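Starting off with a structure, shown below.
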Amino acid sequence: MGISIVLLKFIHYFSIFLAGGLGVGGAIVQASHLKAKEAPSRPTLTAIKVLALISLIAIALLWLSGLSLAYLRYGTILLGTFFFIKLFGAGLILIGATLSNLIIIRSGKLGTKPNPVIMKRMVYLSRIGLILAIGAVAIGFGG
């Protein structure tokens, strides 16, 4: 059981690193292009698609490893209010990432650029989720 927990923690922390870094990197690239009022080049669009997919996979791994850790360590996922606030925030992040990926895939198939208004809303949704998740962890598990 000890090795399982260590492995799950490694996967969990590595996924946080990947999802966070890719989320910040993607937002910076998107903001830079919006500010410059220029469409991203084809290689940049390809890179954004890859980053978005890796980020979504990392978020899914976060969910799987996090719930597994809770169950292995405590025998339940009923860990109190702050844990559920964290899960709610993580759910918003997952929804934002999933919808962003679907929008990117759809626009790629249609040969159009993603709707910047909708993409910006997905970024805000994910940011709200991130604030809730980190805040809940900091308050609920800080002792």
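Identify, by number, the condition in (1) closer than 26 Å to Val117 by Cβ; (2) over 14 Å from the mean Cα position of the chain (by Cα) that Leu72 doesn't meet.
It fails just one condition, (1).
Given Ala47, Ala31, which one is free of Cβ contacts under 8 Å to residues at least 40 places away in the same chain and under 17 Å from Lys120 (Cβ atoms)?
Result of the check over Ala47, Ala31: Ala31.
Conditions first: (1) part of a helix (DSSP H, G or I); (2) buried (at least 16 other Cβ atoms within 10 Å of the Cβ); (3) over 21 Å from the mean Cα position of the chain (by Cα). Gln30 passes all but one, so which condition is the exception?
Failing condition for Gln30: (3).
Still on this structure, please answer the following. Can you find, within segment 77-97, the residue that is surrounded by the most Cβ atoms within 10 Å (Cβ to Cβ) among those that are within 15 Å of Gly135 (Cβ to Cβ) and aliphatic (A, V, I, L, M)?
Quick first cut of segment 77-97, residues within 15 Å of Gly135 (Cβ to Cβ) only: 80-93.
From what's left, aliphatic (A, V, I, L, M): 85, 87, 90, 92-93.
Numbers: Ile85: 17, Leu87: 20, Ala90: 20, Leu92: 20, Ile93: 24.
Per the criteria, the residue is Ile93.
Same structure, new question: Identify, please: which residue in segment 5-27 is loosely packed, with under 12 Cβ neighbours inside 10 Å and not aliphatic (A, V, I, L, M) and is, among those, nearest to Ser107 (Cα to Cα)? Give the derivation first.
Of segment 5-27, the ones loosely packed, with under 12 Cβ neighbours inside 10 Å are 6, 10, 17, 24.
Filter again for not aliphatic (A, V, I, L, M), leaving 10, 17.
Values: Phe10: 35, Phe17: 28 Å.
That would be Phe17.
Condition (residue is over 13 Å from the mean Cα position of the chain (by Cα), in a helix (DSSP H, G or I), exposed (fewer than 14 other Cβ atoms within 10 Å of the Cβ) and small (Gly, Ala, Ser)) applied to segment 43-60: is it met by at least one residue?
No, segment 43-60 contains no residue that is over 13 Å from the mean Cα position of the chain (by Cα), in a helix (DSSP H, G or I), exposed (fewer than 14 other Cβ atoms within 10 Å of the Cβ) and small (Gly, Ala, Ser).
Read-outs: derived from the displayed coordinates by stated rules, not from any lab. A quick note: this is a predicted structure, and the numbers were derived from the prediction, not measured. Every residue, glycine as well, gets a Cβ built from its backbone with ideal geometry; the counts of neighbours run over all protein chains shown.
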